[in-house]
Amino acid sequence: MASYDDVMSLSVRRGFLWPAAELYGGFGGFYDYGHNGVLLRRRWEDLWTETFLGLSDNYYLIDTTTILPEAALKASGHVDHFTDVLVTCTRCGESYRGDHLLEAATHVEEEGLTPAEIDARIRDLKIRCPNCKGELGPAREFNMMFPLGIGPTAKDRAYLRPETAQGVYLNFKREFEALRRKLPMGLAIVGRAYRNEISPRQGTYRMREFLQAELQIFFDPATFADFVPLDTSAGERIRIAWAAEKNEPTAHEIAAEAVVERGLPSWYVYHLLAVQRFYLAALRIPRDAFRFAELDEKERAFYNKIHFDIQIRQESLGGFREVGGVHYRTDHDLKGHEAGSHTKQAVTFGASKLVPHVLELSFGVDRNVWAVLDLAFAKGDRLVLRLPPRLAPVTVAVFPLVNKAGIPERAESIFASLRKRFTAFYDDSGSIGRRYARMDEIGTPFSVTVDHESLEGNGATVRERDSQKQIRVPEAELADAIAKLLSGETSVVP
RNA sequence: GCGGGGCUAGUCUAAUGGUAGGACAGAAGCUUCCCAAGCUUCUAACGCGGGUUCGAUUCCCGCGCCCCGCACCA
C-alpha cells in the first residue's frame, strides 16, 4: 500500500523525481528526474525496446523532431481537433465545450467554428447554462498544442508535437524504401511529447511535457494475421474489463481464442498478449494489478477503430489508471498525410497496392515509471522498494564490514571489478545495517559485504534485498554470481 | 478554468504578532561491527510579492505551486 505522498516523498528524498523549477516556485505540469530516476527510466525504456522491437526483425527505432510544421498537424487532424472552444457560465462558473452546447441544441455536428461564430450561434439559439440557466460568457479558444513561431519573423507557424506517432507517419515512405519495402514494418520512437493540459495533476500522471514510447506497426490487413499467428496452445488468458464495467476494479480472464470469437482480429489479440506478457513476465507486475480496458465508440478518438487502454492498479492514484493503449488506427494517418501533402502514400507490396494500416502500441513512460514505483513500494518494519532487479538504478552495492584491517582496500578492489559489468555503488559510512537500509530504499537488489573472512580467502557475502538472506560467494565468482542472480537463473533464497 | 483545502530544514512535523523547536535523514568524530545501536558536534526551513503594524512565518490582498471535487483529456 503506497499513498501518493509515500511515493512522491520517497521519489524526492532518494533522487528519483520532483517538480521542475522549484527554485522559482514550481512549474505546473513539469517534472525533473534525478540520478536514480533517470537510471530507472532508462532501464524501463531498454526493457520496452528489447521487448517490442523483438517482436519482429523488421521493427526499428527512429528519432524525429519534437517541433512540427502547422501543415503536418493540420493534416493529422490535430490543429482542428486539438482546439476546443470553451464557454463559461457567468453565474455558476461551469465550463462547456462550445461545439457540444450547440450540438445539444441543434442535434447536428457543429465543428470548426470560431469563438465569434459560436457566440453568434449561442445568441441566435438563446442557449443558457445547462446547469443553472445563467447567462453564458464569451467563447474563448483553447488549444491543447503549444504554438511556436519559427524564424525571426515567426511567420512559419509550428507546434510542439502532441504525440510521437506523427513523426513516424511523416517518415513512413523513407523508411519503407530504406528497409527494402517489407510489410509488416515497425517504427518506434521513445521521445518527448507536449500537451497544454488544462489542469495537470497527480504527479507525473498528467504532465505538459512527457515521454512516450510508441511502436507503429504498418501492415496489410489482408495478410497481417499470417505474420503474427496467434498461438493459443499455452491457453493464455487475457485480463479485460469491457467498456461498460470500466469503473469497477475487476477484470475478466478470457482465453485468447474467445477474445477473437468476440470479433477482434487475431493479430490484434496477438498484440494484446504481447503487451500483457511484457507487464506480467518482464516487468513482474502482479497479475491482478493489470488489465486492458475497452473504450466504447464515444470514448475513442475518431480514427481508432479498436482501442483498449492498458491499465495498472496503483494505490497512490486510487485504482486502475491508464499507462498505455493498443490502437488500431487503420489507414487514417497515412491517408491524412497523403491528402495534406499531395504525396501518394500507397505502396506496392506483394500482389496489392495499398496504403498500409497502422497498429499503434503506445506507452506513457512517466506513467509507467510511476506505476513501477507505486507497486514496488513496501513499507513495514523497513521501507523497501521491491523493484524488478533489472529496473533497479543500482544493481549491486559493495560495503566493507568495518573500516580497518585492510577490509576497505579489499572491498574497493571488488567494487572496481564489479562496476565494470554493473551499476555498482560503494558505501563505507554508518553501520552495516544503515547501509543495507539505504540500498533497500532505492531498490538495490544485491549488496556485497567484505568481512574478515574475505581476507582469508573465503569470499564475500551477497545479501538479497527482499529476503535479507545472504550467501557466501568466492571473490573470483562474484561478478558471474551477480549476473545469474540478476537474470533470475539463480537465487539467494534456496 | 471554477470551487474547497493546504504550503515551516532533504523528509515528516511543532509553536508563535517580538530569539522558529523536534524527529528522522545528512556530514564530522568516538565506539561497535551483518541489518537504520549509542554518545558528541555540525549543516539545514517559514513558497514569492505587496499591504497593515514599531515589528509579520503568524493578520489581509495578489501570484505561484500541491492535493481533492467539477470541467477538460484529440
Worksheet item: So how do A:323-332, A:26-35 stack up, highest first, on mean other-Cβ count within 10 Å?
Response: A:323-332, A:26-35
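Could you compute the net charge surrounding A:LEU354? Neighbours are other residues with a C-beta less than 9 Å from the C-beta of A:LEU354; K and R count +1, D and E count -1. Don't skip to the answer; put the middle values down first.
Values: positive: A:LYS353; negative: A:ASP220, A:ASP331.
Result for the neighbourhood of A:LEU354: -1.
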Item to complete: Could you name the aspartates and glutamates whose alpha carbon sits less than 17 Å from that of A:LYS126, not counting residues in the same chain fewer than 8 places away?
Response: A:ASP99, A:GLU103, A:GLU110, A:GLU117, A:GLU135
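About its Cα centre, how strong a charge dipole does the range A:394-487 have in debye, to the nearest 20, once Lys and Arg get +1 and Asp and Glu get -1 at the Cβ? Mind dumping the intermediate values first?
Working: 13 positive and 14 negative charges, 40 e Å.
Dipole magnitude for the range A:394-487 comes out near 200 debye.
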Fill in: Antiparallel bridges, percent of DSSP beta bridges restricted to the range A:394-487 (to nearest 5)
50
Fill in: All aspartates and glutamates inside 16 Å of A:LYS420 as judged from Cα atoms, apart from same-chain residues fewer than 8 positions distant
A:GLU412, A:GLU475, A:GLU477, A:ASP480
Worksheet item: Given a 1.4 Å probe and every protein chain left where it sits, what share in percent of the accessible area of the range A:1-149 is carbon and sulfur?
Response: 53
Item to complete: Give the calculated FRET efficiency between A:VAL12 and A:GLN470 to the nearest 0.05, with a Förster radius of 22 Å applied to their Cβ-Cβ distance.
Response: 0.10
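Counting only protein heavy atoms and using a 1.4 Å probe, what share of the accessible area of the range A:394-487 belongs to carbon plus sulfur, as a whole percent?
On the way: 2050 of 4230 Å².
Taking all protein chains in place, the range A:394-487 shows 48 percent carbon and sulfur surface.
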Worksheet item: Using +1 on the beta carbon of Lys and Arg, -1 on that of Asp and Glu, and nothing else charged, what's the dipole of chain A about the Cα centre, debye to 20?
Response: 580
Response to the item:
Going residue by residue through the range A:469-479, the Karplus relation 6.51 cos²θ - 1.76 cosθ + 1.60 with θ = phi - 60° gives ³J(HN,Hα) values, rounded to whole Hz and with x marking Gly or Pro, of 7, 10, 10, 9, 10, x, 4, 5, 9, 4, 4
Worksheet item: Of A:ASN403, A:THR330, A:ASN247, whose Cα points farthest to the positive end of the dipole of chain A (charges on the beta-carbon: +1 Lys, Arg; -1 Asp, Glu; origin at the Cα centre)?
Response: A:ASN403
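What number do you get for the range A:215-355 when its Cα radius of gyration is normalised by 2.2 N^0.38 Å, N = residues? Don't skip to the answer; put the middle values down first.
Working: Rg = 16.8 Å, N = 141, 2.2 N^0.38 = 14.4 Å.
My calculation over the Cα atoms of the range A:215-355 gives 1.17.
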Fill in: Value of relative contact order over chain A, rounded to a whole percent, pairs C-alpha under 8 Å and six or more apart
13
Fill in: log10 of Debye I(q)/I(0), alpha-carbon scatterers only, for chain A at 0.06, 0.08, 0.10 Å⁻¹
-0.36, -0.62, -0.91
Discussion item. Per-residue counts of other Cβ atoms within 10 Å, averaged by peptide: what ranking do you get for A:150-158, A:406-414, A:213-221, highest first?
Written reply: A:213-221, A:406-414, A:150-158
Worksheet, complete the sentence: Computed, not fitted: 222 nm per-residue ellipticity of chain A from DSSP H runs ≥ 4 (each -39500 (n - 2.57)), nearest 500, equal to -8500 deg cm²/dmol
Item to complete: Classify the range A:31-81 as rounded, prolate or oblate, taking a ≥ b ≥ c as the square roots of the eigenvalues of its Cα gyration tensor: rounded when a/c is under 1.5, otherwise prolate if a/b is larger than b/c and oblate if not.
Response: oblate
Worksheet entry | chain A - accessible surface per residue (Å², probe 1.4 Å) | 47
Fill in: Part-to-part distance (alpha-carbon centres) for the range A:389-419 and the range A:283-331, which is given in Å
42
Worksheet entry | Debye, to nearest 20: dipole size of the range A:2-87, +1 on Lys, Arg Cβ, -1 on Asp, Glu Cβ | 240
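Normalised by the residues of the range A:1-134, what does the relative contact order come to in percent, with Cα pairs under 8 Å and at least six apart?
On the way: 93 pairs, mean separation 16.3, N = 134.
Result for the range A:1-134 is 12 percent.
Compute the Kirkwood hydrodynamic radius of the range A:394-487, taking the inverse of the mean of 1/r over all pairs of distinct Cα atoms, and give it in Å to one decimal. List each step's numbers first, then the result.
On the way: mean 1/r = 0.0779 Å⁻¹.
Result for the range A:394-487 stands at 12.8 Å.
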Item to complete: Enumerate the lysines that A:LYS182 could reach by cross-link, defined here as Cα to Cα under 25 Å, with residues fewer than 8 away along the same chain left out.
Response: A:LYS173, A:LYS305, A:LYS335, A:LYS344, A:LYS353
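The values are calculated or read from the model by the stated rules, or taken from the named source; none is laboratory data. Remember, predicted model here, so these are calculated numbers, not experimental data. Because the Cβ atoms are built from the backbone with ideal geometry, glycine has one as well, and the counts that use them run over all protein chains shown. With ligands, DNA and RNA removed, areas are computed over all heavy atoms of the protein, side chains included. Shrake-Rupley method; radii C 1.70, N 1.55, O 1.52, S 1.80 Å.
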